[in-house]
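Please read the structure below before turning to the comments.
The values are calculated or read from the model by the stated rules, or taken from the named source; none is laboratory data. As the structure is a prediction and not an experimental result, all values here were calculated from the model. We place every Cβ from the backbone using ideal geometry, glycine too, and count neighbours over all the protein chains shown.
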Amino acid sequence: MNIHPGNRWVLDRPNSYIGRSVPRPNAKRLLEGRGHFVDDIVLPRMLNVVFVRSPYAHARILSIDTTAAQSYPGVVAVVTGAQLAERHEPWVGVLKHLQGIVSPPQYAMAVEKACWQGEAVVAILAKTRAEGEDAAETVQIQWQELPVVADAQTALDPDTPVIHDTLENNLCWERNFAAGDVDQAFATAAVVVEETFDIGRHTGVTVEPRSIIADYQPGEGKLTVYQSTQAPHMMQNVFAKHLGMNEGDVRVVTKDVGGSFGIKVHVYADEFAAVALSRMFQRPVKFIADRLESFVTDIHARDHLVKARMAVSKDGKIQALEFDDLTGIGPYSMYPRTSAIEANQIVNLTGGAYQIENYKAATKVVFQNKNVMCQYRAVGHPVACMIAEGLIDEAARQLQMDPVDIRRTNLYPDDSYPCKSITGMAFEKLSHLQSLDKLLEMMGYDSLRQEQSELRKRGIYRGIGLATFIEVTNPSPMFYGVGGAAISAQDGCTLRLDAKGNVFCATGVTEQGQGTETVLAQIVATSVGVAMENVRVITGDTEVTPYGGGTWASRGCGIAGEAA
């Protein structure tokens with residue numbers, strides 16, 4: 001083995017597993033149906049919780065009659081939102097570094113009124129889910145329908161009702177950023193292009209829905225939570241904090257996870273309700289969201305209306321970029337990451353790959369009577385990319401420039417790093433021009449353009465798309481920690497060697513199907529010098545793994561891998 005003196009992290013090992021394609025150690029087990037998911041767990045005296053949810057987007061709860069449900073076969077208890085609210089502290093989805101952000105306190109279930117269709121109002125605890133669902137149909141709730149705020153464009157109008165009485169209006173957060181002389185740049189530009197981008201809500205669909213089993217053990221005063229989550233240590237902190245428990249008495253276990261996509265890194269009211277109910281009744285409580293519940297309660301993402309314009313010189317140089325973003329987030333800012341980070345990222349990242357000297361961006365994040373919205377896969381990146389690339393393509397059309405040439409004109413040169421973008425994003429060792437050249441070579445760009453031209457003569461219209469963007473991964477504490485959220489930006493790793501030469505690697509990140517366990521096994525096997533088959537990676541248990549931030553923003557390899 002040789003270690004190159006120029007870079008002490010580069011190992012010259014012919015048997016290195018790093019950089020090689022290797023089988024996933026857990027693939028065969030999962031294909032055999034031997035995965036261990038939350039729904040596979042069976043505990044003594046376990047109850048199933050079924051929620052009665054609001055059929056209205058906005059309505060006041062006048063009365064709840066649970067008499068029939070309480071006497072229904074198999075039902076152990078019926079709990080209203082007001083009753084459960086006495087058993088836990090509410091949470092507020094704000095971060096200190098997002099100046100001016102507001103959101104009302106949120107409880108595990110609606111207390112006085114429901115603020116979106118699908119919000120939990122009553123919990124039925126039953127021996128089986130089927131019995132709970134049948135009993136839920138007997139609950140009688142008297143509602144007073146309230147005006148609904150659905151359109152983000154009118155949410156801030158003076159005559160629009162305010163969703164929360166404790167707030168002055170429906171504005172959650174706003175940010176305005178300006179650099180350079182934008183007005184002058186537009187006044188002197190050869191070409192000004194304008195577009196409106198209307199991005200509709202969507203969500204992810206995981207094979208395994210949101211799932212949780214909470215087991216409070218009164219004899220020890222300890223709480224064990226089996227949860228399909230991306231961030232066990234974050235959830236450990238949340239449960240302890242809002243149930244008034246010692247964090248060391250709360251254990252979160254995450255076994256196999258059937259997909260997450262950023263959906264399972266947030267605090268959901270109904271999941272927290274299951275945990276609070278377990279402590280309330282001192283027995284295990286299970287909640288598995290069905291597909292309909294998932295669509296109305298899993299976070300949605302990218303509800304944006306963006307009006308944007310770009311000033312361009314006659315040779316294709318971007319002279320200015322300006323846009324206004326309006327983001328609708330539902331009735332609450334999600335906890336603990338807030339629902340404003342996506343809008344913030346759009347301001348930070350739009351046009352990030354290009355040299356722009358004049359830049360102006362504004363965003364408003366508003367409350368609605370819709371399902372909650374929050375971060376989900378490539379936070380802010382798709383919208384930021386759509387704005388910049390849509391405008392630059394239109395500029396190329398008006399200037400009759402090749403889309404490649406206008407991008408090459410504006411990209412940061414590969415020798416310009418380290419540098420900062422117009423919004424202050426720090427760039428280091430990027431290679432957009434080199435990457436662009438490689439892409440053109442791989443796709444045979446000139447041949448494709450020639451083929452496109454020939455096909456068009458025959459009435460066949462074939463598009464060729466290009467897009468350039470900056471991707472933020474492996475976030476630092478500047479994302480959440482500085483705002484007061486207990487979300488670790490670091491991760492640890494502990495290695496244990498047994499008498500037979502097997503290495504056990506415990507890490508704070510979790511396996512969500514991305515191959516995290518495989519990557520860490522490759523790193524450990526290469527670094528220690530053992531066969532990869534002799535490495536076992538242990539994840540997802542706050543009692544045995546080092547404290548860490550979990551799996552999100554591509555940090556599994558970049559941060560946990562570095563620790564390993």
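Whether any residue in segment 515-530 is crowded, with 18+ Cβ neighbours inside 10 Å, under 30 Å from I387 (Cα atoms) and touching a residue at least 40 places away in the same chain (Cβ under 8 Å) is what I want to check. Within segment 515-530 (the criterion being crowded, with 18+ Cβ neighbours inside 10 Å, under 30 Å from I387 (Cα atoms) and touching a residue at least 40 places away in the same chain (Cβ under 8 Å)), the answer is no, since none of the residues qualifies.
When the strands (runs of 3 or more DSSP E) confined to segment 143-252 are screened for residues that are within 29 Å of I392 (Cα to Cα), modelled with pLDDT of 95 or more and out of contact with any Cys (no Cβ under 6 Å at 6 or more places or on another chain), those reaching at least 2 such residues are found at 171-179, 191-199. Of R377, R408, R397, all but one fail to be part of a loop (DSSP other than H, G, I, E, B) and of a type in the set (D, E, K, R); the exception is R377. Of the residues contained in segment 141-160, one or more are found to be touching a strand residue (DSSP E or B) at 6+ places or on another chain (Cβ under 8 Å) and under 22 Å from R337 (Cβ atoms). Here G118 qualifies as closer than 22 Å to N369 by Cβ and either in contact with a helix residue (DSSP H, G or I) (Cβ under 7 Å, 6 or more places away or on another chain) or not in a strand (DSSP E or B) (or both).
Taking each residue of segment 389-400 that is closer than 13 Å to L466 by Cβ and looking for partners that are surrounded by fewer than 20 Cβ atoms within 10 Å (Cβ to Cβ) and aromatic (F, W, Y) with beta-carbon atoms closer than 7 Å, six or more apart or interchain, yields G390/F197.
Of the residues E133, E168, only one is more than 30 Å from L321 (Cβ to Cβ), in the same structural domain as L47 (by TED's automatic domain parsing), surrounded by fewer than 17 Cβ atoms within 10 Å (Cβ to Cβ) and of a type in the set (D, E, K, R); which?
Matching residue, one of E133, E168: E133.
Answer yes or no as to whether I422 is surrounded by 13 or more Cβ atoms within 10 Å (Cβ to Cβ), in the same structural domain as Q345 (by TED's automatic domain parsing), within 23 Å of A384 (Cβ to Cβ) and of a type in the set (V, I, T). Spelling it out, I422 is indeed surrounded by 13 or more Cβ atoms within 10 Å (Cβ to Cβ), in the same structural domain as Q345 (by TED's automatic domain parsing), within 23 Å of A384 (Cβ to Cβ) and of a type in the set (V, I, T). Residue selection: K364 fails the criterion of being under 29 Å from the mean Cα position of the chain (by Cα), crowded, with 23+ Cβ neighbours inside 10 Å and either charged (D, E, K, R) or assigned to a loop (DSSP other than H, G, I, E, B) (or both).
Residues that are of a type in the set (S, T, Y) and either within 36 Å of the chain's Cα centre (by Cα) or part of a strand (DSSP E or B) (or both) within segment 67-80 comprise just one, T80.
Could you list, in sequence order, all residues of segment 468-506 that are closer than 30 Å to D402 by Cβ and touching a Lys or Arg at 6+ places or on another chain (Cβ under 9 Å)? Once the filter is applied, which keeps residues that are closer than 30 Å to D402 by Cβ and touching a Lys or Arg at 6+ places or on another chain (Cβ under 9 Å), segment 468-506 yields only T468.
Working carefully through the options V267, V257, V296, V306, find the one that is crowded, with 24+ Cβ neighbours inside 10 Å, of a type in the set (A, V, I, L, M, F, W, C) and either outside any strand (DSSP E or B) or at pLDDT 95 or above (or both). Only one candidate qualifies: V257. Just so you know, in segment 451-469 the residues that are in contact (Cβ under 8 Å) with a residue 12 or more places away in the chain and out of contact with any Leu (no Cβ under 6 Å at 6 or more places or on another chain) include one that is farthest from P546 (Cα to Cα), and it is Q452.
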